[in-house]
Amino acid sequence: MQPKTSIVGKLGRLVVASILVALALGSGASLVLEVERYGEQKREGLLAVAQVFAAASAEAVARRDGNAIFEAGRAIRELPGITTLTVTDMDGRIVEEVGTGVRLTDALVLEQDAPISVVALVTSPMVLVRVPVVDGGMPIGSLEIVAMTGDLWGRLLEVLGVGLGAAVIAGGIGLAIAVRFQRALTRPLVTLSAAMSRVRESHDYDEACPVESDDEIGQLALGFNAMLSEIRRRDARLAQARERLEQDVEDRTRDLVVAKDAAEEASRAKSEFLATMSHEIRTPMNGMLVMAELLAAGDLPERQRRYAEVIARSGQSLLAIINDILDFSKVESGKLELEAVPVDLAEAAETVVTLFGERAAGKGLDLAAAIDPAVPRLLGDPVRITQVVANLVNNALKFTEQGHVLVRIAGEGERVTIRVEDTGIGIPQEKLGTIFSAFSQADQSTTRRYGGTGLGLSIVQRLVAAMGGTIGVESVVGEGSCFTVLLPCIAADDEAGTRARLEAPRPAVVACAGEATRAALEASLAAAGFVLTRSDATPENADWIVDADALLRKGRPVGARRVLALSPIGERAGEEARARGLADALLRRPLAPSEWTLALARLVSGEPFPREEAGRASADAALPRFPGARVLVADDSAVNREVACEALARLGIVARTVADGREALDAMAAGGIDLVLMDGSMPELDGFEATRLARAREAETGAPRLPIVALTAHVVGAGADAWRQAGMDGVLHKPFTLAALARTLAEHLAPSEAVEDVDAGVAAAGPAAASIGGGDGDAPLLDEEVVAGIVEMAAGAGAGFLQRILGLYLEHAPPALAELASSVRDGAEPARVASAAHALKSMSLNVGAAALARRLALIEAAAREAGTLPDDAAIDALAPLLDETIGALRDRLPSSDDASAAMRA
């Protein structure tokens, strides 16, 4: 394709344009010179005439003889271009004026020897010259002559005409020259351009461009030919490479397979080692946790029960942490999964300081946590956050020989800051960049002196990064270190933590050993409006916080308003101080944030401290109530329906139940329902399809939208988002907690009493009351939290509840297992096998059959997602596991023998 404008045309236009620009500049210069020349001639001529007339009329001017002046002036007036001649005396009075008398105010004055403005001369229609009239050597007046400049434009037009003619002649000559020499200049370029176009269109790189000259254009043609030659050589090399490519790919694939097999073998060996270590560590941990939970469930005073609960909670967190530390490869590979549930940072800090309290006391260190009460509950992974704080505290205690370790948690804008400060050995500045590397420490000698593998800080850094945060460290050798973790603050609720505060300042004294504990106490007191005072100032009506042993030695402070005694766990000094009336209440060391928050609230409000610690508050009292709410439970499992109904009863709701999606549709059509808890997998018509039909019917009839919440055990896989696609309003995963159920109901129903924090209320009733479901992972035979939850619910529902739950499970579980086995052996569709496994899994989760539910979940996932059916061995292994589970339930649930006997009869 030829270009729109050839180089010949461009060259011709360039030549003509150059000539025209040069001529235009020359013509402009000529015009300026002509104007200047005209001005000089005009000034010289007028001045000459004026001087002659001034000399000739001097005597007449002296006599003031107007006639003589007029007669002389008439001759000058006849000169071309002169319009007016004016004679004035020394006072400026006109003696005589000859001519038209017209004088424009903007006439250009031509002073002798003064430069003439070209612009002013062109724009002025007339000019003026002025000379003195001298008689006898004395000036007696002045003479002005005004002349027109009209003849200037004629002269300028002559110049322009000459320039235009020269431009036409020069342009013609330039075009002739361009045409004459264009072949020699442009033919090689045109030839080269045509060759390039042919190569571009045909991709024939064997073509060459002829070289017609040895100038720059010839060099360009040589370069183009060299490029084509290089392309030909490259194509030849590529053709050879393509011929060898298949063999190279085969060789490299073989090497990759060998390397992959070696890596997988190493990974399997590592996994087997980690699994063995995990089992060996979890086995004694399991016994410890079971004994701690049994102890917590016993008839103990409140303080001892809280100690046992802390042991159980800390042990559970420790077990979860151990699992992930032993499986460090999960962190390395980036496959770590994080939860997003409400996290109480004060509870996490309390768990850590309680867990490490004995170790800190053994080393004579002060361990405490200072929590800003304004920090909100945030969405995160409580186990991982606790693990981060625990690792940092463990690291601080390891390298601190004297002093304290202080955990500070505060909110800073949209971030939460966790700081762990210690007074340990510190870290050299040159080593700060390596302490977060796996299996490394600031000084390798510390491994021999303090122990450890150097893995803790590396895990902390990876966990913090996975949660979207950052970690940094500041340290001074010999003075200590401060690790700072910044986490994004995604609030789990609308309101931040509440802060108890005095209406008017009141003095307070903190007289306790340990800088960390004192700092935590003083920060909270100052935030609450207290004025901190020294103990030697003996303030009146002050609240005191004193070590219990100091109270026993010195007695109650004089003038104290109220006294709180600090006593380490297990020591009798605090109980003795309170028994002797030296203290109004006790605080344990290390300081528990939850206990201190309650005590501070009583100090602020003036409420009395109870003489005897109250027992656990009822979980029911902490939960919201929904009296009159009409809830429909749709689930094909009788066990699940019974558990759901009892859980709803704890919230003041008498629920209706149906066994499949068709019955649920009929019940919704009949009306009188405020909310539906819909199981996803049901026979006849599952919950998701039933919801779609219900939404379609609402659209047709214009009926108001009925809240439908999915009640499902699908948390991963294709079924995890099915509730959203079906048009449901929310999801409640099995097994669920009472707190989660209450939150779900509160989103769609109005409770009779506002409850600020459902989770906190349930947590106050202990772990047994908070859960009617368990977790997953390497499941034990029974989920103790689920079983404890059932027992706790029975306390309010009566013994008949346990009989109904176990009886229904004994009635429906064996047939469900038989249906699953029959489906597998008959080679049924994977969807049918998945449905049968889901039914048995769902009812097993709700009675705490964790191991059985885990195996059924694997069978369901394989059938539903991969279309794979279990083998006979996997099915045959379920029957003895079910028998073992039933036997354990009989032993674990009170009155379960009566229920099982009734079912057998």
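The values are calculated or read from the model by the stated rules, or taken from the named source; none is laboratory data. Every value quoted in this text rests on a predicted model; they were computed, and no experiment measured them. So basically every Cβ, Gly included, is an ideal-geometry build from the backbone, and we count neighbours across all protein chains shown.
See the values below:
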read-out	value
Residue selected from the range 347-372 under the condition touching a Gly at 6+ places or on another chain (Cβ under 8 Å) and either aliphatic (A, V, I, L, M) or surrounded by fewer than 21 Cβ atoms within 10 Å (Cβ to Cβ) (or both), by the criterion nearest to residue 485 (Cα to Cα)	372
Qualifying residue in the range 884-892 (condition: among the basic types (Lys, Arg), closer than 20 Å to residue 783 by Cβ, modelled with pLDDT of 85 or more and under 49 Å from the mean Cα position of the chain (by Cα))	no
Among (1) under 25 Å from residue 409 (Cα atoms); (2) surrounded by fewer than 16 Cβ atoms within 10 Å (Cβ to Cβ), the one test that residue 546 misses	(2)
Some residue of the range 286-294 being in a helix (DSSP H, G or I), modelled with pLDDT of 65 or more and over 50 Å from the mean Cα position of the chain (by Cα)	no
Yes/no for residue 521 being modelled with pLDDT of 90 or more and surrounded by 13 or more Cβ atoms within 10 Å (Cβ to Cβ)	yes
Residue match in the range 525-532 (condition: aliphatic (A, V, I, L, M), assigned to a loop (DSSP other than H, G, I, E, B) and either within 25 Å of residue 396 (Cβ to Cβ) or touching a helix residue (DSSP H, G or I) at 6+ places or on another chain (Cβ under 8 Å) (or both))	yes
Filter pass, residue 874 being surrounded by 19 or more Cβ atoms within 10 Å (Cβ to Cβ), touching a residue at least 12 places away in the same chain (Cβ under 8 Å) and either aliphatic (A, V, I, L, M) or in contact with a strand residue (DSSP E or B) (Cβ under 7 Å, 6 or more places away or on another chain) (or both)	no
Residue match in the range 400-410 (condition: among the aliphatic types (A, V, I, L, M) and over 17 Å from residue 353 (Cβ atoms))	no
Condition check for residue 8: at pLDDT below 70, more than 60 Å from the chain's Cα centre (by Cα), surrounded by 15 or more Cβ atoms within 10 Å (Cβ to Cβ) and not charged (D, E, K, R)	yes
Residues (part of a loop (DSSP other than H, G, I, E, B), within 24 Å of residue 301 (Cα to Cα) and of a type in the set (D, E, K, R)) located in the range 539-585	571, 572, 580, 584
Hits in the range 653-673 (condition: under 24 Å from residue 791 (Cβ atoms) and buried (at least 19 other Cβ atoms within 10 Å of the Cβ))	653, 655, 657
Selection count where residues are of a type in the set (Ser, Thr, Tyr) and over 17 Å from residue 362 (Cβ atoms), scope the range 385-406	1
Pairs, first free of Cβ contacts under 8 Å to residues at least 40 places away in the same chain in the range 626-643, second outside any helix (DSSP H, G or I), C-beta under 6 Å, six or more apart	641/633; 641/635; 641/657
Within the range 688-708, tally of residues that are in a loop (DSSP other than H, G, I, E, B) and surrounded by 17 or more Cβ atoms within 10 Å (Cβ to Cβ)	2
Residue 481 of a type in the set (Ser, Thr, Tyr), at pLDDT 90 or above and either surrounded by fewer than 16 Cβ atoms within 10 Å (Cβ to Cβ) or within 25 Å of residue 405 (Cβ to Cβ) (or both)	yes
Filtered residue count, the range 837-871, keeping only those that are surrounded by fewer than 24 Cβ atoms within 10 Å (Cβ to Cβ) and not in a loop (DSSP other than H, G, I, E, B)	10
Scope the range 113-155; condition over 19 Å from residue 59 (Cα atoms) and of a type in the set (Gly, Ala, Ser); matching residues	114, 117, 120, 124, 147, 150, 154
Filter result (surrounded by fewer than 24 Cβ atoms within 10 Å (Cβ to Cβ), in contact with a strand residue (DSSP E or B) (Cβ under 8 Å, 6 or more places away or on another chain) and more than 13 Å from residue 734 (Cα to Cα)) within the range 634-652	645, 648
Residue ID - surrounded by the fewest Cβ atoms within 10 Å (Cβ to Cβ), chosen from residues in the range 809-836 that are part of a loop (DSSP other than H, G, I, E, B) and on the phi < 0 side of the Ramachandran plot	826
Hits in the range 380-414 - residues which are of a type outside the set (A, V, I, L, M, F, W, C), surrounded by fewer than 18 Cβ atoms within 10 Å (Cβ to Cβ) and part of a strand (DSSP E or B)	412
Residue 149 vs. criteria within 20 Å of residue 43 (Cα to Cα), among the β-branched types (Val, Ile, Thr) and in contact (Cβ under 8 Å) with a residue 60 or more places away in the chain	yes
